[in-house]
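Written out below as structure tokens is the structure these notes cover.
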Amino acid sequence: MSIWGGIRAAFAGLLALAMVVPTAPAESQTIVNRPTTLRLAGLRLGLNAPTTVPADWRMPATVTTSAGLTGSQATLAAAQTAASSKSRPSFTVASGATDYVEWTVSEAGTVILSWIGQSAGTASVAKNGADQGFAVVAPSGSDIDGVSGTGGRRQFMRMTVAAGDTIRLTIAAGAANRTVFPLLHKLPATGPWDAHVVFGASREAYAFGSKLMEDAIIADDATRDPIVFNYAVAGQVVSIVATNAATAAPIYAGTARYALLGSIIGNNVSANRPYTSGQKAALDASIASIASSLSGYTLGFANTSYRAYTGAPAVSPTAQENGSLPYNDAVIGPAIAAYAPDCYDSSLQRSRIDDYLTVLFNRGALTDEVHGAETAERALWVATWFKYVRTGSWGTSQIEQRVAGAEAAASTKATALSTYNEAVYAMAAIASAAPAKAALQTRLDTIYPTVLFYEAVRLIDAAVAATSQPTKDAAQAGLNAASAAGYSGGTAPNTIAAQQARIDAIVISSFDQIVQVGFGATTAVTGWNRNAPGTATGVIATDLLTDTGASTGIGLNVTDAGTGNSANTAQTSAVAEIPSTILGATWTETSTGITFEITGLTVGRLYTLWLMPSRTTGTASLTRFIVNGVTQSPEISPVNNVSNYLVVPNVAPDAGGKITVRAQRGVSGAFAYMTVLRLLRQQ
């Protein structure tokens, strides 16, 4: 069965998904429409869209340091001499040492001294020689710096100063050198400021550490000068997030301007899936508690990231109703509409900070069926929330991006179907009653016949090169599907007739020797060679047998071994030439790739290779094959794969009778797999 097979049925199934339309709770109308402002720490903070934050809000100051930090003094001073400075200075205190940095401020006002420490140690803050009672701000039981290494949790002291006051930050390093990134900002007299605090499960370890997020914001816009605090803890359910929000809200009051909520019910989804209506009341109550605790902050509120579970592969975008989608529809969507209306896209009935679609689109980077690609999630917040805070604009929604991408790629044979599929999967996440959905669906329906035609052209190209019956059959099926969908074509060669002529002209190659290998297979299968366990380098076979049991003298030499064998379960092959038993195990690689040499081949003859990865797994991945140093296309998803394989025709052994094959991780792939090799000598 070819890659395109079954997509129409899947497409129809996706459109039929029973989705819950998010509706705001009854009390939300007063929250959304009431032009309320709240008084907090002497400041008036509105609930409506923030005006843009200031680019220049450093406190002008002169800087002196201890003798141990004299080499850092010029850099630290330069960061404070002009409000327009956006540099992010740092200093390092040697292990076991204690050093200080002192700022003499030039203006009166309220200042935020903040810093990120990248290793163990202690800190204290003094103003005009008087200790200010600094205490570490971090959730109970958590790592102070955060477990993401270079991310960390930014610490702070907020003080009222007069011109000429001195502020001293003293750092005592622990057993290792301690690198510290300090900033001194002056709160503006009116309006918002660029300070944010993050809440949510896994958000200290995945993408949202203070330095990681700040660096990403500045990389997107060099005029920005943000500070990002972090009060997130891995493993929290939403009731614990609510407890932490209640604890943190008064601590950050008047320091952080915005509270960012991401993945606040992710662990509830993981623990309690699939969704039932009986879960809603408790989730709603916890979220209401969070919103109440953070009532003085403007909320940046994302939906829950993509998960799909129960009765389907965990990364299957065709079974989204089994994962976090219904939680977003029934719980998170209404909450965002109620408590963060600026973050709610009513035309799509979902958050503008669409973590769900981000992880869905980047599901190949899921490492454990839950946590998405850190870089992609960070980029989402930069492109939506942080852009909005800076400019007042949210930018283009992800669903519009997916549909527009499908339209742009519809006539590109290499990517037409894959890009279209991503748009279909994204559309499945949009509630049926969303006002914008019908028009978006019409756009996809319009390009569908063209997508199928150019996928057929890709299959025909492969069949022309391979000259094998399976590839010719797949090409014919693809062209038939395009014709049935209504593609009528334009000018040759982009017509049904012209492409049919190409198929008709294919002469099937015959083979006088077929060698078949099941990598990792342990059960004997007539006509197949088995090679386990997959962790050994060196010569592992010297005389592979043909499909009829004849000796060949062909050997296998592993030069880069995999990490081991993985058993596959419930794999029923859809390829006539490959028995299900052979799919019962596979070589697995978790790092770089698997490389082996096929030796003892006939010099001067050409070979066709069938290569197939297959793994019973919920972790998304792609395997890329490289043959004799040439990267092959397309990459194959091994996830529960029983039908898709790569055909590489006309491969010539080198002068020594050797062909080299490498299976490695593809784009955004987490693992590489080598499951099946069929080696056919062409006549």
Evaluated at q = 0.15 Å⁻¹: base-10 log I(q)/I(0), Debye formula over Cα of region 260-311: -0.48
For GLU577, residues with placed amide H under 5 Å, excluding near neighbours: none
Phi to ³J(HN,Hα) by Karplus 6.51 cos²θ - 1.76 cosθ + 1.60 over region 187-200, Hz, x for Gly, Pro: 5, x, 5, 9, x, x, 9, 8, 10, 9, 10, 9, 10, x
Part-to-part distance (alpha-carbon centres) for region 410-477 and region 491-530, which is given in Å: 22 Å
Folded to 0 to 90 degrees: helix 210-220 orientation relative to the chain principal axis, Cα: 70 degrees
Whole-percent carbon and sulfur share, accessible surface of the chain, 1.4 Å: 54 percent
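Could you calculate the contour length gain from ARG502 to ASN272, that is, 0.36 nm times the residue separation minus the distance between their Cα atoms, to one decimal place in nm?
Numbers: separation 230, 0.36 × 230 = 82.80 nm, distance 5.34 nm.
Computed gain between ARG502 and ASN272 is 77.5 nm.
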On Cα atoms only, tilt of 437-466 relative to the major axis of the chain in degrees: 40 degrees
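Please state, as a whole number in µm²/s, the translational diffusion coefficient that the Stokes-Einstein equation yields for the chain at 20 °C and 1.002 mPa s, with Rh defined as the Kirkwood radius across alpha carbon pairs. Present the calculation step by step, with values, prior to reporting the outcome.
Details: Rh = 28.2 Å.
After rounding, the answer is 76 µm²/s.
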Candidate lysines for bridging to LYS211, where Cα separation is under 27 Å - those fewer than 8 sequence places away on the same chain excluded: LYS86, LYS127, LYS186, LYS387
Nearest-ten-degree value, helix 416-428 long axis tilted from longest Cα axis of the chain: 50 degrees
Prolate/oblate/rounded label for region 211-286 (Cα gyration tensor, a/c 1.5): prolate
Rel. contact order, % - alpha carbon contacts under 8 angstrom, at least six apart, region 113-227: 36 percent
Charged-residue dipole, Cβ positions (Lys, Arg, Asp, Glu), the chain about Cα centre, Debye nearest 20: 540 debye
Values of log10 I(q)/I(0), in the order q = 0.18, 0.20, 0.24 Å⁻¹, for region 569-634 under a Debye, Cα-only, solvent-free model: -0.93, -1.10, -1.33
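With Kirkwood's inverse mean 1/r over C-alpha pairs for Rh, give me the Rg to Rh ratio of region 68-132, two decimals please.
Values: Rg = 12.9 Å, Rh = 13.7 Å.
Ratio of gyration radius to Kirkwood radius for region 68-132: 0.94.
Helix-only estimate, please: 222 nm mean residue ellipticity of the chain, summing -39500 (n - 2.57) across DSSP H runs of length 4 or more and dividing by its residues, to the nearest 500. Intermediate results must be reported in sequence, preceding the final value.
Values: 16 runs with 175 residues, N = 683.
Calculated at 222 nm, the ellipticity per residue is -7500 deg cm²/dmol.
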Karplus 3J(HN,Hα) series, Hz, for region 278-290 with 6.51 cos²θ - 1.76 cosθ + 1.60 (x for Gly, Pro): x, 7, 5, 4, 5, 5, 4, 5, 5, 5, 4, 5, 4
For the chain: relative contact order, % (alpha-carbon pairs under 8 angstrom, 6 or more apart): 11 percent
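Mind checking the alpha-carbon convex hull of region 456-503 and giving the volume per residue in Å³? Could the numbers behind the result be given before it?
Numbers: hull volume 2.6 nm³, N = 48.
With only Cα atoms used, region 456-503 gives 54 Å³ per residue.
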Per residue accessible area of the chain, 1.4 Å probe, in Å²: 36 Å²
Charge tally in the Cβ shell below 10 Å around SER87, where Lys, Arg are +1 and Asp, Glu are -1, SER87 excluded: +2
Whole-number Å³ per residue for the convex hull built on Cα positions in region 228-332: 97 Å³
Equivalent-ellipsoid semi-axes of region 102-199, from the Cα gyration tensor, Å, largest first: 24, 17, 11
5 angstrom amide H check on VAL198, placed H, neighbours 5+ away: PHE229, ASN230, TYR231, LEU260
Relative contact order %, region 474-587, counting alpha carbon pairs below 8 Å whose residues are six or more apart: 21 percent
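The values are calculated or read from the model by the stated rules, or taken from the named source; none is laboratory data. All values reported here derive from a predicted model rather than from experimental measurement. Counting neighbours? That spans all protein chains shown, and the Cβs are built from the backbone with ideal geometry, glycine included. For accessibility, only protein heavy atoms count, side chains too; no ligands or nucleic acids. Shrake-Rupley method; radii C 1.70, N 1.55, O 1.52, S 1.80 Å.
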